[in-house]
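Right, one structure below, let's go through it.
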Amino acid sequence: MKITLVRHGDVDEAYHHCYNGHIDIGLSQKGKEQAQALAKRFESASFDYVFCSDLLRARETLAPFKQAKEAIYTDRLREKSWGRHEGMCFDAIVAEDNIVYENFTQWLETLDGEGLKEYIARVESFFLEDLLSLEAEDILIVTHAGVIRVLMAIVQKISLETAFSKALPYGSFVVFDTKKQTFSTVK
């Protein structure tokens, strides 16, 4: 099975480098242009299933795709919830809560919202149980960078910190080959 994982398009600059989580923000003008370019890129593609995060930035990314009318929108593809830290940047969280960064995992577990173990379990269950049980050859998913990186960490058996250090720009995509257990970037 081939799973094409699209990161939603660019959001307003005020939300760059922030823990946006479940904030329901839309795309910037640049993000809308990225969505149009992605739709054109996948215009002739045929997918057995199309899944999309139910958050606005993902829905707006998928909107220009001809496959959008077939999409299944789900909260299981949402980014991790950061609770009261949503929309805040690192420096603002440190200043407001006086949290000290010790290491990547400690930081993620210290922040408010959905527990890290629950988040990872949600991503793992969706991809490695629900999707793999489908009779499908080609699936399109529009989601968030964190979801894609968590899947990479699980499949490649790498640390979350290593997975989160991988570049995954707004409006980009990777392809996950479930048989080979590999991720590839298509130019």
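Answer yes or no as to whether residue 48 is charged (D, E, K, R), modelled with pLDDT of 95 or more, under 17 Å from the mean Cα position of the chain (by Cα) and under 28 Å from residue 179 (Cα atoms). Write out each step before concluding.
Working: charged (D, E, K, R): yes; modelled with pLDDT of 95 or more: yes; under 17 Å from the mean Cα position of the chain (by Cα): no; under 28 Å from residue 179 (Cα atoms): yes.
Spelling it out, it is not the case that residue 48 is charged (D, E, K, R), modelled with pLDDT of 95 or more, under 17 Å from the mean Cα position of the chain (by Cα) and under 28 Å from residue 179 (Cα atoms).
Starting from residues that are hydroxyl-bearing (Ser, Thr, Tyr) and exposed (fewer than 15 other Cβ atoms within 10 Å of the Cβ), keep the ones in the range 97-139 and report whichever is farthest from residue 82 (Cα to Cα).
Going residue by residue through the range 97-139, those that are hydroxyl-bearing (Ser, Thr, Tyr) are 101, 105, 110, 119, 125, 133.
Imposing the further condition that a residue be exposed (fewer than 15 other Cβ atoms within 10 Å of the Cβ) reduces the set to 101, 105, 125, 133.
Numbers: 101: 16, 105: 14, 125: 20, 133: 30 Å.
Checking each candidate, the answer is 133.
Among the residues of the range 1-36, which ones are surrounded by fewer than 21 Cβ atoms within 10 Å (Cβ to Cβ), without any contact (Cβ under 8 Å) to a residue 40 or more places away in the chain, outside any helix (DSSP H, G or I) and not hydroxyl-bearing (Ser, Thr, Tyr)?
12, 16, 24, 25, 26, listed by residue number.
Pairs under 9 Å by beta carbon, first residue within 15 Å of residue 115 (Cα to Cα) in the range 76-91, partner in a helix (DSSP H, G or I) and hydroxyl-bearing (Ser, Thr, Tyr), six or more apart or different chains?
76/125; 79/119; 80/119; 81/119
What are the residues in the range 2-54 that are on the phi > 0 side of the Ramachandran plot and either of a type in the set (A, V, I, L, M) or in contact with a Cys (Cβ under 7 Å, 6 or more places away or on another chain) (or both), if any?
Going through the range 2-54, the residues on the phi > 0 side of the Ramachandran plot turn out to be 17, 21.
Listed by number, the list holds a single entry, 17.
Within the range 37-75, work out how many residues are polar (S, T, N, Q), under 22 Å from residue 122 (Cα atoms) and surrounded by fewer than 19 Cβ atoms within 10 Å (Cβ to Cβ).
Looking only at that region, the number is 1.
Which one is surrounded by the most Cβ atoms within 10 Å (Cβ to Cβ), of the residues in the range 166-187 that are more than 11 Å from the chain's Cα centre (by Cα), polar (S, T, N, Q) and at negative phi?
Going through the qualifying residues, I end up with 178.
Which ones in the range 96-121 are under 22 Å from residue 144 (Cα atoms), at pLDDT below 95 and among the charged types (D, E, K, R)?
Matches in the range 96-121: 109, 112.
May I ask you to say which residue of 22, 17 is closer than 19 Å to residue 149 by Cβ and touching a strand residue (DSSP E or B) at 6+ places or on another chain (Cβ under 6 Å)? Quick ask: steps written out before the conclusion?
Working: 22 fails: touching a strand residue (DSSP E or B) at 6+ places or on another chain (Cβ under 6 Å).
After ruling out the rest, the residue left standing is 17.
For the range 102-145, what are the residues that are within 27 Å of residue 66 (Cβ to Cβ), touching a helix residue (DSSP H, G or I) at 6+ places or on another chain (Cβ under 9 Å) and not hydrophobic (A, V, I, L, M, F, W, C)?
130, 143, 144 - these are the residues of the range 102-145 that are within 27 Å of residue 66 (Cβ to Cβ), touching a helix residue (DSSP H, G or I) at 6+ places or on another chain (Cβ under 9 Å) and not hydrophobic (A, V, I, L, M, F, W, C).
For the range 62-104, give me the residue count where each residue is among the charged types (D, E, K, R), assigned to a helix (DSSP H, G or I) and closer than 20 Å to residue 34 by Cα. Even if it seems obvious, please write down each step before you answer.
The initial filter retains those residues of the range 62-104 that are among the charged types (D, E, K, R), namely 66, 69-70, 75-76, 78-80, 84, 86, 91, 96-97, 102.
Subsequent filtering for residues that are assigned to a helix (DSSP H, G or I) retains 66, 69-70, 75-76, 84, 91, 96-97.
From what is left, the residues that are closer than 20 Å to residue 34 by Cα are 66, 69.
Here the count works out to 2.
The values are calculated or read from the model by the stated rules, or taken from the named source; none is laboratory data. Keep in mind it's a predicted model, so treat the numbers as computed, not measured. Every residue, glycine among them, receives a Cβ derived from its backbone with ideal geometry; neighbour counts consider all protein chains shown.
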